[in-house]
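**Student:** Sharing a structure below in structure tokens format, with a few things to ask.
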Amino acid sequence: MKNIRNIFLNRKGNLIGKYKRAAVMILIGEHEGEECIIFEKRALTLRSQPGDICFPGGRIEEGESPKEAAIRETSEELGIAPEEIEVLGEMDYLVSPYGSIMYPFVGVLKNNDLNPNPAEVHSIIRIPLRFFMENEPLLHEVAIVPQITEDFPYHRIAGGKTYNFTKGKLLQHFYTYNETNIWGFTAMITKAFVDTFKSKV
């Protein structure tokens with residue numbers, strides 16, 4: 001009992017399991033006289049999600065905080081000094097059903113002179129914040145169901161093969177601005193950001 005008390009007294013909870021951790025920056029800059037959200041089109045040569053629209057950001061390195069990772073990745077991808085990014089605060093973080101956690105931050109770009117890294121970024125896309133304030137995303141429901149192999153030990157659970165496994169759903173968001181389609185977790189985070197902003201103005 002002494003050991004239990006010593007270990008668990010005032011212990012703070014954490015996530016159970018191992019997750020890939022990434023941080024992104026919802027970066028606001030001025031373009032043609034209005035505030036815009038700055039997105040990237042991922043380089044077409046990338047192995048993962050080539051050509052997708054995303055926020056600047058990436059994997060959190062060992063010993064690095066989510067905020068530090070968001071600044072570093074944004075700086076590297078956009079070719080700007082970290083000092084050109086004013087981080088305003090955190091957005092709510094996203095735990096995906098695919099084993100990853102994404103920590104979004106809201107930042108302001110102090111200088112519009114961007115020099116994107118061509119190895120990672122195909123192009124920069126600036127979309128007026130006004131567009132997201134005035135337009136709701138298209139929603140599409142995706143079922144998340146267990147894929148169970150034949151060697152699953154059904155004999156160890158009540159009901160065996162007739163067990164009613166839990167199923168889930170994921171709402172996919174889609175924004176279309178001119179020829180640009182934003183979807184997936186980028187669109188989901190954008191929607192959460194816009195809703196937070198709308199609720200306070």
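**Student:** Which of (1) under 24 Å from residue 99 (Cβ atoms); (2) in a strand (DSSP E or B); (3) modelled with pLDDT under 95 does residue 47 not meet, given it meets every other one?
**Tutor:** For residue 47, the exception is condition (2).
**Student:** Right, another one. Using the structure shown, decide if residue 77 is touching a residue at least 24 places away in the same chain (Cβ under 8 Å), among the charged types (D, E, K, R) and either under 22 Å from residue 191 (Cα atoms) or assigned to a loop (DSSP other than H, G, I, E, B) (or both).
**Tutor:** No, not satisfied.
**Student:** Is it fair to say residue 60 is farther than 16 Å from residue 86 by Cβ, in contact with a helix residue (DSSP H, G or I) (Cβ under 6 Å, 6 or more places away or on another chain), β-branched (Val, Ile, Thr) and surrounded by 17 or more Cβ atoms within 10 Å (Cβ to Cβ)?
**Tutor:** Yes, satisfied.
**Student:** May I pose another question? Would you say residue 98 is in a strand (DSSP E or B), more than 14 Å from residue 190 (Cβ to Cβ) and either under 17 Å from the mean Cα position of the chain (by Cα) or hydroxyl-bearing (Ser, Thr, Tyr) (or both)?
**Tutor:** On the way: in a strand (DSSP E or B): no; more than 14 Å from residue 190 (Cβ to Cβ): yes; either under 17 Å from the mean Cα position of the chain (by Cα) or hydroxyl-bearing (Ser, Thr, Tyr) (or both): yes.
It is false that residue 98 is in a strand (DSSP E or B), more than 14 Å from residue 190 (Cβ to Cβ) and either under 17 Å from the mean Cα position of the chain (by Cα) or hydroxyl-bearing (Ser, Thr, Tyr) (or both).
**Student:** Then there is this: Got a sec? Which strands (runs of 3 or more DSSP E) wholly within the stretch 118-180 have at least 2 residues that are touching a strand residue (DSSP E or B) at 6+ places or on another chain (Cβ under 9 Å) and within 27 Å of residue 79 (Cα to Cα)?
**Tutor:** 121-128, 168-177
**Student:** Which count do you get for residues in the stretch 105-114 that are part of a loop (DSSP other than H, G, I, E, B) and touching a Leu at 6+ places or on another chain (Cβ under 7 Å)? Reasoning before the result, please.
**Tutor:** From the stretch 105-114, those part of a loop (DSSP other than H, G, I, E, B) are 110-114; that's our starting set.
Subsequent filtering for residues that are touching a Leu at 6+ places or on another chain (Cβ under 7 Å) retains 114.
The qualifying residues number 1.
**Student:** Taking residue 120 and the conditions (1) under 28 Å from residue 171 (Cβ atoms); (2) among the acidic types (Asp, Glu); (3) surrounded by 16 or more Cβ atoms within 10 Å (Cβ to Cβ), which numbered condition does it fall short on, given that it satisfies the others?
**Tutor:** Status for residue 120: all satisfied but (1).
**Student:** Right, next: Before we move on, is residue 28 surrounded by 12 or more Cβ atoms within 10 Å (Cβ to Cβ), in contact with a helix residue (DSSP H, G or I) (Cβ under 9 Å, 6 or more places away or on another chain), among the hydrophobic types (A, V, I, L, M, F, W, C) and not in a loop (DSSP other than H, G, I, E, B)?
**Tutor:** Values: surrounded by 12 or more Cβ atoms within 10 Å (Cβ to Cβ): yes; in contact with a helix residue (DSSP H, G or I) (Cβ under 9 Å, 6 or more places away or on another chain): yes; among the hydrophobic types (A, V, I, L, M, F, W, C): yes; not in a loop (DSSP other than H, G, I, E, B): yes.
When the stated conditions are applied, residue 28 passes them.
**Student:** Then there is this: Tell me yes or no: at least one residue of the stretch 184-198 is closer than 26 Å to residue 49 by Cα and either assigned to a loop (DSSP other than H, G, I, E, B) or in contact with a Ser or Thr (Cβ under 8 Å, 6 or more places away or on another chain) (or both). If you could, list the steps in order and put the result at the bottom.
**Tutor:** So the first thing to find is which residues in the stretch 184-198 are closer than 26 Å to residue 49 by Cα, and the list is 184-194.
Keeping just the survivors that are either assigned to a loop (DSSP other than H, G, I, E, B) or in contact with a Ser or Thr (Cβ under 8 Å, 6 or more places away or on another chain) (or both) gives 185.
Within the stretch 184-198 (the criterion being closer than 26 Å to residue 49 by Cα and either assigned to a loop (DSSP other than H, G, I, E, B) or in contact with a Ser or Thr (Cβ under 8 Å, 6 or more places away or on another chain) (or both)), the answer is yes, since at least one residue qualifies.
The values are calculated or read from the model by the stated rules, or taken from the named source; none is laboratory data. Only a predicted model underlies this, so the values are computations on that prediction, with no experimental measurement involved. Please note: Cβ atoms are built from the backbone with ideal geometry, for glycine as well, and neighbour counts cover all protein chains shown.
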